[in-house]
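Single-structure report; data block below.
The values are calculated or read from the model by the stated rules, or taken from the named source; none is laboratory data. All of these numbers come straight from a predicted model, not from anything done at the bench. Don't worry about glycine lacking a Cβ; one is built from the backbone with ideal geometry, like all the others, and counts go over all protein chains shown. Side chains included, ligands, DNA and RNA excluded: accessible areas come from the protein's heavy atoms. Shrake-Rupley method; radii C 1.70, N 1.55, O 1.52, S 1.80 Å.
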Amino acid sequence: MTEGRSEQDRVRIFDTTLRDGEQSPGIALNRQEKLEIAHQLARLGVDIIEAGFPITSPGDFDSVQAIAREVEGPVICGLARTSKQDIDAAWNAIKDAERPRIHTFIATSDIHIERKLQTTREDVKGQARAAVAQARRYTDDVEFSPEDGSRSDVEFMAEVIQIALDEGATTINVPDTVGYTMPNEYAEMFRRLYELIPGLKDVTVSVHCHDDLGLAVANSFAGLTAGARQVECAVNGIGERAGNASLEEIVMLLHTREPSVGLWTGAVTREIARTSRLVSRLTGYPVQPNKAIVGRNAFAHEAGIHQDGVLKERTTYEIMDATTIGLDSNAIVLGKHSGRHALRNALEELGFEVDGAALNAAFKSFKELADKKKTVTAVDLEAIVSDEMRQAPTAFDLESFDVEASNTRAPLARVRVRLPDGTVESGSFTGDGPVDAFFSAINAAVGHDARLREYHVSAVTGGRDALGEVTVLLELNGSLASGVGVSTDILEASGKAYLRALSTALAKAEEDWSGSAAEEAERALERVERSTPAP
Ligand code: KIV
Ligand code: ZN
């Protein structure tokens with residue numbers, strides 16, 4: 001611990017990228033992607049990873065379990081409503097972690113109790129009591145959240161929190177579920193809760209804020225100044241609706257202003273930029289250029305007067321050093337003649353352990369890139385490896401494509417796509433533009449009528465020879481899915497991104513279908529059990 005810091009001033013970072021973040025429309029991470037993010041969160045030094053909501057689907061259960069079994073360092077947490085089945089599912093998913101936590105929640109605002117839960121305050125108290133008691137029988141690390149806390153009657157919420165404490169909850173998280181509160185109001189709510197609940201000062205109090213009014217970080221900070229010592233946040237601020245408080249913003253706020261505020265975190269700030277890039281790539285959510293801390297302009301100076309100032313003395317216009325968040329990792333790492341061994345070492349340094357077929361695939365992509373690009377940077381390597389990782393074994397594969405474009409007639413695209421069963425199908429289509437024709441030809445080849453909703457192209461690094469990264473958001477049968485593709489050829493990157501989004505949409509549809517089929521089977525079984533007298 002740095003000299004002068006006290007344990008009481010340490011703020012725990014509770015990362016919910018894989019739970020609240022994953023609830024964002026269009027995001028559907030597979031098990032491998034979630035594991036990759038969880039390992040990176042461990043390198044980033046977060047204290048708690050909320051790995052998912054295990055009852056919601058077999059896929060989510062599986063991913064949470066894999067993270068609990070593999071990821072070392074942080075506490076691994078699973079979310080549960082107050083029902084017995086939810087808490088059993090959360091516990092079964094996380095029980096193999098070194099340090100498992102169950103997070104259970106129930107709404108305490110009247111609007112949620114009356115309209116959503118259609119129940120009474122008394123029932124909410126009973127459910128909270130039973131849930132925390134059940135969770136405590138499994139583990140001594142139990143978090144309780146009164147959902148919609150910031151819109152709840154504070155006296156009633158305090159009664160529910162007292163019940164959770166009586167049953168042994170060790171962390172109390174009071175969320176601003178709908179992003180409605182303001183910093184002074186949120187801080188005041190915590191002051192009142194400390195007055196009403198004397199035992200609150202003996203447990204960890206937590207903030208969880210949504211960004212509907214753009215105040216998630218400000219509100220979280222206000223809660224910390226009022227005594228909370230855990231902040232729930234997500235990388236790049238992803239999450240329900242407008243998202244959660246952004247992890248990188250709250251961490252760098254506390255880091256940069258530690259001399260005045262006196263609070264600190266155990267986050268390894270040099271891992272921030274890489275974590276942000278990984279999450280953006282795997283979720284398909286691009287980071288806006290002017291985003292605080294991790295936007296590509298966050299450390300760029302456009303105006304001449306600023307550039308002049310920074311050249312003379314960096315701190316004239318910069319309050320943070322880019323190296324603090326790891327932006328210098330874009331140093332050149334490999335050249336055209338580097339071999340497999342050098343590539344493996346560079347990847348290890350970047351935190352990727354690739355061997356066998358994965359290393360061969362990465363090496364092939366690296367050589368292709370090195371032929372076109374003079375120097376291959378760490379950021380290029382990250383892009384190549386994440387691109388390989390996204391290639392799940394059952395996903396569609398782009399075998400070949402041919403796009404004819406001119407300004408005198410409609411563009412024509414022809415594609416050949418390898419389907420999950422190994423067969424190759426062709427499709428051809430004309431369109432309004434080359435990309436439109438290309439995607440319509442893919443639809444024809446795979447036999448699905450997906451609709452393009454968003455399409456973004458960006459360069460991984462600068463220069464004319466840069467790798468291009470394409471993000472696609474599409475809609476299939478009413479559900480959204482995103483995909484990312486990387487290549488020096490923008491059309492190839494587009495095709496990969498589109499096919500990945502399509503694969504994700506189909507996997508999601510299958511999981512939803514089997515989920516509802518399983519629920520239906522369970523309901524049928526219950527009906528039979530009810531009508532059959534016990535022996
Ligand atoms: O926003 C919210 O209230 C939540 C709870 C589950 C903590 O995400
Ligand atoms: Zn939330």
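If R₀ is 25 angstrom, what is the calculated FRET efficiency for the pair Arg121 and Thr204, using the beta carbon separation as r and rounding to 0.05? Calculated value: 0.45. Computed from Cα atoms, the angle from the helix 154-166 axis to the main principal axis of the chain rounds to 90 degrees. Dividing the convex hull volume of the alpha carbon atoms of region 7-283 by its residue count gives 113 Å³ per residue. A straight line joining the Cα centroids of region 146-171 and region 232-303 runs 30 Å. Among Ala509, Ala466, Ala298, whose Cα lies farthest out toward the positive end of the dipole of the chain, if unit charges sit on the beta carbon of Lys, Arg (+1) and Asp, Glu (-1)? Ranked along the dipole, the leading option is Ala466. On the beta carbon distance between Asp432 and Asp355, with R0 = 56 Å, the FRET formula returns roughly 0.80. How high is the relative contact order of region 332-389, given as a whole-number percent (alpha carbon pairs under 8 Å, six or more residues apart)? Relative contact order for region 332-389 comes out at 48 percent. Of the peptides 374-383, 254-263, the ranking by mean beta-carbon count within 10 Å, highest at the top, reads 374-383, 254-263. Once the gyration tensor of the Cα atoms in the chain is diagonalised, the equivalent ellipsoid follows with semi-axes of 41, 32, 21 Å, ordered largest first.
Hey, got the dipole for the chain? About the Cα centre, +1 on K and R Cβ, -1 on D and E Cβ, debye to the nearest 20?
Rounded to the nearest 20 debye, it is 820 debye.
Derived from the Cα gyration tensor, the three semi-axes of the equivalent ellipsoid of region 332-389 are 15, 12, 11 Å, largest first. Of Tyr180, Tyr186, the order by accessible heavy-atom surface (1.4 Å probe, DNA, RNA and ligands excluded), from most exposed downward, is Tyr180, Tyr186. If one takes the longest principal axis of the Cα atoms in the chain, at what angle in degrees, from 0 to 90 and to the nearest 10, does the Cα axis of helix 434-446 lie? Roughly 70 degrees, rounded to the nearest 10. Across region 7-283, the mean sequence separation of Cα contacts (distance under 8 Å, 6 or more residues apart), normalised by length, yields a relative contact order of 21 percent. Take every Cα pair under 8 Å whose residues are at least 6 apart in sequence, average their separation, divide by the length of the chain, and the relative contact order is 11 percent. Summed over qualifying helices (DSSP H, 4 residues or more, each -39500 (n - 2.57)) and divided by its residue number, the chain shows a 222 nm mean residue ellipticity of -13500 deg cm²/dmol. Most tightly packed first, judged by the mean number of other beta-carbon atoms within 10 Å of their residues, the peptides 110-117, 26-33 read 26-33, 110-117.
Compared with the dominant Cα axis of the chain, that is its longest principal axis, helix 31-44 is turned about 70°.
Between the C-alpha center of region 309-385 and that of region 395-421 there is a gap of 31 Å. Only one residue of Ala383, Leu350, Leu369 has its Cα farthest out toward the positive end of the dipole of region 332-389, where Lys and Arg carry +1 and Asp and Glu -1 on Cβ, and that residue is Leu369. Among the listed pairs Lys34/Lys95; Lys116/Lys291; Lys364/Lys496; Lys291/Lys367; Lys125/Lys201, give every one whose C-alpha distance is greater than 27 Å. Beyond 27 Å between Cα atoms: Lys116/Lys291; Lys291/Lys367.
When the surface is traced with a 1.4 Å probe over the full set of protein chains, Leu491 keeps roughly 40 Å² accessible.
Relative to the Cα centre, the charge distribution of region 319-385, modelled as +1 at Lys and Arg Cβ and -1 at Asp and Glu Cβ, gives a dipole magnitude of about 460 debye. A Cβ-based charge dipole, computed about the Cα centre of region 397-518 with Lys and Arg at +1 and Asp and Glu at -1, lands at about 160 debye.
Remark on region 208-287: ratio of C-alpha radius of gyration to 2.2 N^0.38 Å is 1.09. Comparing His208, Leu79, Ala413 along the charge dipole axis of the chain, the residue lying farthest to the positive side is Ala413, per the Cβ-charge model.
Here Val424 and Asn290 are evaluated by their C-beta separation; at R0 = 51 Å the FRET efficiency comes out at 0.70. When the solvent-accessible area of the chain is split by element, carbon and sulfur atoms take up 50 percent of it, the probe being 1.4 Å. A 1.4 Å probe run over the chain, with the rest of the protein chains in place, finds 45 Å² accessible per residue.
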